[in-house]
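**Q** The structure follows.
The values are calculated or read from the model by the stated rules, or taken from the named source; none is laboratory data. Predicted, not measured: the structure shown is a model, and the values here were computed from it. Here the Cβ is made from the backbone with ideal geometry for all residues, glycine too, and neighbour counts use every protein chain on show. Heads up: the accessible areas ignore ligands, DNA and RNA and are worked out on the full protein's heavy atoms, side chains in. Shrake-Rupley method; radii C 1.70, N 1.55, O 1.52, S 1.80 Å.
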Amino acid sequence: FCLMFMNIHFIYLVQIMIFNYNSNLDINLISKLVKLKKYKILDFGCGIGSWSNKNIRSNRIQSIILYDKNKNLIKILKKKYKQKKIKINFNFKKILKKKDYNLIIMSSVAQYMTFYNLRKLLMKIVFKKNVFVIITDIPKYFRLIEFFLLPIFNINRFIFSLKMIGNSKYKKLKYISHSRKDFLSLDDKFKVCFSKNINDLNFLRYSVILKLK
C-alpha cells in the first residue's frame with residue numbers, strides 16, 4: 001500500500017533520474033521547519049539516499065532510519081553509508097513496532113500515492129503528538145505542465161525527463177497531483193502547515209508539515 005509501483009526497478013530509476021535528481025536533504029532547512037533538540041529521523045521512501053556526510057555528522061541528528069519498498073536498494077545504501085547513525089531497515093512492521101523516530105520525512109513520495117493511501121499510511125506511522133511529518137517535493141502542477149516549466153527552474157531535471165519521455169513504461173507511470181486543499185482535509189487529525197520545498201524546484205514544488213493534534 002506504500003508506493004503503489006507497477007514496475008519497482010523502473011520506478012526506482014525514474015525517481016533517481018527525474019523526481020529526486022541531485023537533491024540532498026539539509027538538516028539546516030529541516031530545523032527551520034521542525035524544531036527538536038535531537039532528530040531521530042525516519043526517511044520513508046529513501047531511494048538511494050539523500051543525506052550528505054556533512055548532514056549526518058551534525059550533532060542535531062541522533063539517528064536516521066532509511067526505509068524503502070525496493071529491497072534492491074539495501075546493497076547500494078550499505079555501500080554508501082557506513083556511519084553508525086544510519087540504520088537501514090526495510091522491515092516496515094519492525095519499524096512500526098519499535099517506533100524509534102520523532103521526525104518522518106517523505107521526499108518525492110506523495111505523487112505516487114492516492115490521497116486515501118497517504119492518509120492511511122500517516123495514521124499508521126504517526127503514533128504520538130511529538131512526532132512530526134515533513135512531506136516534501138510535492139508537485140504544484142500536473143506532470144505535463146511541470147515538464148514545460150522545468151527548463152526554467154532546473155535544466156538537469158528537464159534533460160533527464162526529456163530522455164525518458166519516449167519510454168512506454170514512463171508514460172504509464174501513475175503520477176498523482178495533490179492540492180493544498182487535499183492536505184487541509186487532514187486537519188481533523190493533524191495540524192497542517194505549508195512551506196517551501198526543502199529539495200530543489202522551490203517554485204514548482206512545496207512541502208507540508210504535519211503534527212498530531
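**Q** At a 1.4 Å probe, what is the % contribution of carbon and sulfur to the accessible area of the range 70-126? All intermediate terms of the calculation are to be shown ahead of the outcome.
**A** Details: 1730 of 3150 Å².
The C+S portion of the solvent-accessible surface of the range 70-126 is 55 percent.
**Q** Identify all aspartates and glutamates with a Cα-Cα distance to residue 128 below 13 Å; exclude those on the same chain that are fewer than 8 residues away in sequence.
**A** List returned: 100.
**Q** Here's something else I'd like to know. Determine the alpha carbon to alpha carbon distance for each of 97/196; 85/174; 69/196 and list only those over 29 Å. Before the final figure, lay out the partial values.
**A** Details: 97/196 32 Å; 85/174 34 Å; 69/196 27 Å.
Flagged as over cut-off: 97/196; 85/174.
**Q** Go through 116, 39, 175 and list them by solvent-accessible area, largest first, probe radius 1.4 Å. Don't skip to the end; give the middle numbers.
**A** On the way: 116 165, 39 5, 175 40 Å².
The residues order as 116, 175, 39, largest area first.
**Q** Quick one: go through the range 119-145 and flag any residue whose amide nitrogen is under 16 Å from the point 7 Å out along the Cα-to-Cβ line of residue 189.
**A** 119-135
**Q** List, in order, the whole-Hz ³J(HN,Hα) value for each residue of the range 73-83 obtained from phi through the Karplus relation with A = 6.51, B = -1.76, C = 1.60 and θ = phi - 60°; use x for Gly and Pro.
**A** Values, residue by residue: 7, 4, 4, 5, 5, 5, 6, 6, 10, 10, 6 Hz.
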